[in-house]
Amino acid sequence: MANTITILRFPLLVVVVLMLYSSSPLTRLITVPLSGLLIGMDMLDGLVARARKEVSLMGSVLDIMADRTVELVLWICFAHLGQIPVAIPIIYVMRGTVVDSLRSMHVGAGKAPFKAMRTGPGKFLVASPPMRTGYALSKLISFAGLALTYALAAYAARGTVTWQTVRLSSLVFSVTSWISVALCLVRGLPVIIEALPFLQEPVEPA
């Protein structure tokens, strides 16, 4: 059940992207709750997995796969639509590439990515419920807010919303987006630091 929820995020993401590029203000506005649902499903699949005792290595990998796909696609789309600077998706791509490459070592050893942290600070920043929930909420607010700003711009072009409202919305959710970036980097740093000893271990010759 939990893995089904995770997999359903992929087609929903495609729907959201297609609707974002619509010229209809109402269609764009509908992407606001749908964007929130995309992130909310990330929290839901974890709750379901723990409640139904479906926690598994495959589920952990699927969860990270879906998270990374959703966040990268949406950040890139919002940058393309002019809602955020291109620096944000670039940071996410670089961080995701480095961190997920290092996490693959733990997956290869049969360890779930979020359970591979060894130090107290690492476990708190990467795997603790407060940090995971806070990071998810920062993305939920940012994606839904950026979708709202883009919809408001379409209404402003028709004269039904003031451009001052659009600018205010853009400012607020630009700040939340950068907060999300900061949390993303902070949560990725322990993965890099704890992986360094493994990278220095000698490799057995083939």
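Every number in this text was worked out from the coordinates using simple rules, so none of it is lab data. It should be emphasised that the depicted structure is a prediction, and the values quoted were computed from it without experimental measurement. Note that we place each Cβ from the backbone using ideal geometry, even for glycine, and neighbour counts take in every protein chain shown.
Computed quantities for the displayed model
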| quantity | calculated |
| --- | --- |
| Residue-span extension gain [Leu137 to Ala182] - 0.36 nm each, minus C-alpha spacing | 14.9 nm |
| 5 angstrom amide H check on Ile84, placed H, neighbours 5+ away | Ala79 |
| Mean Cα-pair separation over length for region 2-199, i.e. relative contact order, pairs under 8 Å, 6 or more apart, % | 28 percent |
| Karplus-derived 3J(HN,Hα), 6.51/-1.76/1.60, for each residue of region 120-133, Hz, glycine and proline x | x, x, x, 4, 5, 5, 8, 10, 6, x, x, 6, 5, 5 |
| Residue exposure sequence - Leu140, Leu44 - by fewest surrounding Cβ within 10 Å | Leu44, Leu140 |
| Per-residue Cβ neighbour rank within 10 angstrom, fewest leading, Ser138, Ser104 | Ser104, Ser138 |
| Cβ-defined net charge surrounding Leu125, 13 Å radius [Lys, Arg +1; Asp, Glu -1] | +3 |
| Packing-based ranking, highest mean first, of 141-154, 67-80, 21-34 given that Cβ atoms within 10 Å are counted | 141-154, 67-80, 21-34 |
| Integer Hz, Karplus 6.51/-1.76/1.60 couplings in order for region 28-38, x for Gly and Pro | 4, 5, 5, 5, 4, x, 5, 5, x, 5, 4 |
| Net charge of Cβ neighbours under 14 Å - reference Gly82; Lys, Arg +1; Asp, Glu -1 | +2 |
| Amide H within-cut-off set for Val161, under 5 Å, with H built and near neighbours excluded | Ala156 |
| Theoretical gain in end-to-end length, Val175 to Leu37 [0.36 nm per residue, Cα-Cα removed] | 47.6 nm |
